[in-house]
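Peer 1: I have a structure I would like to understand better, so I am pasting it below and will then ask my questions one at a time.
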């Protein structure tokens, strides 16, 4: 199965609305991700299989105010893997180039996402839009702390995945990043995942920590996160579930 698609689906966050100014028409980012995956296929007589991947995505995000929220236009400008990337993973990265999506953000949450090209799975775009827009309320002050819950359902190849995430947030200080004064916000989350893929049932849990730096105009200046997820894949052909573990780290850099 294409378990690597679940790496992006395991990421979850929220949406920012800080500051009084409208963000620039388009903001460009580099997103670097490192993922380690292990699938235990002992039940299928194949033992454990490990996979490591590292990639960089160059993306643009445009946020436009609407009547009751915001519309996010998200485009993958390019995606490349490092020298250790397997050929099949490179093919997946190549397929992301040029993909575009519209997401509707209502009351600080992604309420819907639509691919602009038929057949594009929304899991990657949804996870990255969430990672680029941490949910920080307008005029948040240092010392503020809050908790929220996010429910997201994404398309994955031959199936879907629903993720419920509870996140604890804290605005911990002000720092200068990339020459910009920014609010530092820390987050710690736990997630529950359910879904199906090609006739298999998927269930799992995950944890993540993240730090975001948000400028006064609402732009994410930089961010980083790490996550750990464990999934059980149940198929009619095997007597026991197949364990899948994912460890991922993400670094977001604002491009000038």
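Peer 1: Only one of (1) surrounded by 17 or more Cβ atoms within 10 Å (Cβ to Cβ); (2) modelled with pLDDT of 95 or more; (3) within 21 Å of residue 159 (Cα to Cα) is not met by residue 210, so which one is it?
Peer 2: Exception for residue 210: condition (3).
Peer 1: Now a separate question. Does residue 103 satisfy being more than 14 Å from the chain's Cα centre (by Cα), surrounded by 16 or more Cβ atoms within 10 Å (Cβ to Cβ) and in a strand (DSSP E or B)?
Peer 2: Values: more than 14 Å from the chain's Cα centre (by Cα): no; surrounded by 16 or more Cβ atoms within 10 Å (Cβ to Cβ): yes; in a strand (DSSP E or B): yes.
Here the answer is no, as residue 103 does not meet what is asked.
Peer 1: From the list 129, 163, which one is assigned to a strand (DSSP E or B) and surrounded by 17 or more Cβ atoms within 10 Å (Cβ to Cβ)? Before the answer, list the steps.
Peer 2: Numbers: 129 fails: assigned to a strand (DSSP E or B).
It is 163.
Peer 1: Could you check, for the range 78-88, whether at least one of its residues is farther than 17 Å from residue 33 by Cα and under 16 Å from the mean Cα position of the chain (by Cα)?
Peer 2: Among the residues of the range 78-88, not one is farther than 17 Å from residue 33 by Cα and under 16 Å from the mean Cα position of the chain (by Cα), which makes the answer no.
Peer 1: Let me ask something else about it. Restricting to the range 132-146, name every residue that is part of a loop (DSSP other than H, G, I, E, B) and crowded, with 23+ Cβ neighbours inside 10 Å.
Peer 2: Scanning the range 132-146 gives 133, 134, 135, 136.
Peer 1: Here's another thing I want to ask about it. Residue 181 fails exactly one of the following numbered conditions: (1) touching a strand residue (DSSP E or B) at 6+ places or on another chain (Cβ under 6 Å); (2) loosely packed, with under 15 Cβ neighbours inside 10 Å. What is the number of that condition?
Peer 2: Failed condition: (1).
Peer 1: Considering each of 124, 89, 85 in turn, give the residue that is touching a strand residue (DSSP E or B) at 6+ places or on another chain (Cβ under 7 Å), surrounded by 14 or more Cβ atoms within 10 Å (Cβ to Cβ), at pLDDT below 80 and assigned to a helix (DSSP H, G or I).
Peer 2: None of the other options fit; the residue is 89.
Peer 1: If you check residue 153 against the conditions, is it without any contact (Cβ under 8 Å) to a residue 24 or more places away in the chain and under 15 Å from the mean Cα position of the chain (by Cα)?
Peer 2: On the way: without any contact (Cβ under 8 Å) to a residue 24 or more places away in the chain: yes; under 15 Å from the mean Cα position of the chain (by Cα): yes.
When the stated conditions are applied, residue 153 passes them.
The values are calculated or read from the model by the stated rules, or taken from the named source; none is laboratory data. For clarity, every value in this text was computed on a predicted model and none was experimentally measured. Cβ: placed from backbone, ideal geometry, glycine included. Neighbour counts: every protein chain shown.
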